[in-house]
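Scroll down for the structure; my scribbles are underneath it.
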Amino acid sequence: MTITMPSVSLMPYLPEIILLVTALLVLLVDTVWGDKRWLVWLAFLGTLVSGVAVWWLAQGPTLQLQDMLTADAYALFIDMVVLIVAAISLLLAYDWLIEHNEQQGEYVALLLFATVGMMTMGAAINVVTIFVALEILSLSLYILTGFARERLTSGEAALKYFLLGAFASAFFLYGAALLYGSSGHLDLIGIGQNLGTGGLMAGAGVALLLVGFSFKVALAPFHMWTPDVYQGAPTSVSAFMSVGAKAAGFAAFLRFFQVALAGSYAQWGPALAALAVLTMTWGNLAALRQESLKRLLAYSSIAHAGYALVGLAAGNSLGSSGLLFYLLAYAFMNLGAFGVAIMLEKPGSGDVMMSSLRGTSRQHPLLAATMAVFMFSLAGVPPLAGFFGKLYVFGAAVEANMAWLAIVGVINSALSAYYYLRVTVLMYMRDEEAGEEEVAVSKPPVLVFALVVALFFVVIVGLWPSVWMQMAQQAALIFG
Amino acid sequence: MVMRVVFVVVSLFTLVMAFMVVSHPTLFSSALYLVATFLGVAGLYVLLEADFLAVVQVMIYVGAVSILIIFAIMLSRGMMGKRTSSHNRQAKWVALASLLLAILLLYFITVLMRWPAVQAGPVPAGAIQMLGQDLVGRYVVPFEVASVLLLVALVGAIVLAREREI
């Protein structure tokens, strides 16, 4: 018999392929080159070239790879967010890697692989592809979490993340199997057309998939791993996964609910709204009493997942584009906040205690001011990026006749302002106590550069939100 | 009737072996029981007339995966013959919770759920060819992207296993 090879054009997958090749190059160069510093720059170059490919794809018509992948405006928007996250994360990790002086090649390659997984999740239009991409992303993150091998907490975090993550993946897979059983399709459009009213089996499938997604983006009550993992992981990895994995997870989450389940919004809308309320309230309440800056940021990231979910629960076009805008804004401010944490952390401890923030502004006024901007943005103070993110998703909730959800969100924002301000107050207003040692801060140029970039965008996105919102709206148009 | 008896015997064998995997105190014996479990699953495939899957199951899971696991155990220092308890203080409660959940799920799956029943037909000729063509045709993207996943696992294993150089 003759085997006809399918004619497949890999063009829509070009940005991911560029990153893959870069990752392989990094692994290869790592074995022959003595100076490891260039690996990070090579990877950085790869993200830039991949970004150019994304821009190039955006100019032409929408390309699609069978019923598996697409390079529509939505996928390209996610590509952009994820590439920015990867590029800044590489810079954040640069000095930590040099100091560590082991396995930089693997770190950089795994970070790129994780980025490929994230981009694939944004582009996937088939449950199988979503699952494979999710696994690439998760596996890379498990290993990156355990990279600080001199600290026991890092290994513990990696093991915890791995066990719970594998469990969540099983939920996801079972859900996908049930959906396939009830609709006979694996591609999202096919599921949407054939699911009908669904029935018990489809309902169980959707619920299990929801658990899988909720775990990956850290929604309560599936968030238990988050604080331990963010605290234990190297801070540059926490920064990367807190924004990257969230963006990718929400990308697939939103596409799944908007395409495959567009017809049954009445059923899942209220469930998602309840999940959003639970997540933001739980995250904010727990964050109030944290003494470690990294744990505080972990709980804050849970709360932010709740705010972002409001956009999804609203189920209208403003909600979709608002969620996309939120992911972008959140990327800059959270990367910045973690970047400052990297600067402040004592060598070897891998964490920053709140008490050691006292008097930072005296010795390092610029650093304290930068952190204050990120904190204000996370709290949602206008005119910074975080404010407009919240404005859009809460606006979408009002538009969808869920004003109560927007009110809960606003109350939660007010609650969160307490702990964000506490960080700022500790840095600014408390006098150093007598005998307090000087806050040791190293300011390597690459890290400073990364912070300046993040700061720049937090302000720019806040001052001209319409430019970015237009891109998000363009991307959300695919949901019709 | 004969088939039903065979099915019950094979299933029971698989379940008992699987239970031994998680309860045996030495890791090495657990790995051997895992081989037996995989063989039991292959037997189930045979009963379902999925000969190809059964052969693949034996070749990949019994042949490759189990051997790999046994190698990993033998090469890890201090793992051979070391007896460790496979449960902690919470074991009783976990067992109880699992049992309750299993009963609930069984009820849910067998009684509540209306599975669309499909009349069993003969396996179409050339099923294996169709499977192969689908893998490089319709499902070529996840098939290829899965190789990236394997590469990540490979790099990760090296990172975790490598001795510290300093």
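The values are calculated or read from the model by the stated rules, or taken from the named source; none is laboratory data. Quantities reported herein were computed from a predicted structural model and do not represent experimental measurements. FYI the Cβ positions are ideal-geometry reconstructions off the backbone, even for glycines, and counts take in every protein chain you see. SASA here: full protein model, heavy atoms, side chains in, ligands and nucleic acids out. Shrake-Rupley method; radii C 1.70, N 1.55, O 1.52, S 1.80 Å.
Data table
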item: 222 nm mean residue ellipticity, helices alone, for the protein assembly as shown (DSSP H n ≥ 4; -39,500 (n - 2.57); rounded to 500); result: -24500 deg cm²/dmol
item: Loss of accessible area when B meets A, both sides summed, Å² nearest 100, probe 1.4 Å; result: 3000
item: B:Ile128-B:Ala64 FRET efficiency (beta carbon distance; Förster radius 22 Å; 0.05 resolution); result: 0.65
item: Sum of side-chain charges, A:Ala53 neighbourhood, beta-carbon under 13 Å (Lys, Arg +1; Asp, Glu -1); result: -2
item: Per residue solvent-accessible surface (Å²) - chain B, probe of 1.4 Å; result: 74
item: Accessible-area order (highest first, 1.4 angstrom probe) of the listed residues A:Val108, B:Val111; result: B:Val111, A:Val108
item: Shielding score for A:134-145, defined as the mean number of other chain Cβ atoms within 10 Å; result: 4
item: Size of charge dipole - chain B - debye, nearest 20, with Cβ of Lys, Arg +1 and Asp, Glu -1, no other charges; result: 700
item: Distance in nm between pseudo-label sites at A:Val32 and B:Val2 (7 Å out along the Cβ direction from Cα); result: 6.5
item: Which listed pairs, of A:Lys216/A:Lys390; A:Lys346/A:Lys390; A:Lys294/A:Lys390; A:Lys294/B:Lys92, have C-alpha distances above 25 Å, in listed order; result: A:Lys346/A:Lys390; A:Lys294/B:Lys92
item: Å² of accessible area per residue within segment A:141-192, as computed with a 1.4 Å probe and no ligands counted; result: 42
item: Top positive-direction residue, dipole computed over chain A with Cβ charges, set A:Leu92, A:Leu48, A:Asn334; result: A:Asn334
item: Accessible area of segment A:304-370 divided out per residue, in Å², using a probe of 1.4 angstrom; result: 22
item: Heavy-atom accessible surface of chain A: percent carbon and sulfur, 1.4 Å; result: 68
item: Highest-first arrangement of A:372-385, A:353-366, A:51-64, A:132-145, where packing means the average Cβ count within 10 Å; result: A:132-145, A:372-385, A:353-366, A:51-64
item: Residues A:Ala414 and B:Val94, FRET efficiency given R0 of 56 Å [Cβ-Cβ distance, rounded to 0.05]; result: 0.85
item: Summed residue charge, Cβ within 13 Å of A:Val132's Cβ, Lys/Arg positive, Asp/Glu negative; result: -3
item: For B:Ile158, solvent-accessible area (1.4 Å; no DNA, RNA or ligand), Å²; result: 90
item: Whole-Å distance, taken between Cα centres, linking segment A:62-76 and segment A:92-139; result: 20
item: Leading residue at positive end of dipole, the protein assembly as shown (Cβ point charges), from A:Ala123, A:Ala71, A:Phe162; result: A:Phe162
item: Lys, Arg +1 and Asp, Glu -1 on Cβ, resulting dipole of chain A about Cα centre, debye, nearest 20; result: 620
item: Charge dipole of the protein assembly as shown about the Cα centre (unit charges at C-beta), most positive-ward option of A:Val237, A:Leu24, A:Gln474; result: A:Val237
item: Minimum 40 Å² accessible area buried by the other protein chains, segment B:125-146 residues, probe 1.4 Å, relative to alone; result: B:Gln133, B:Val136, B:Arg138, B:Tyr139, B:Val141, B:Pro142, B:Val145
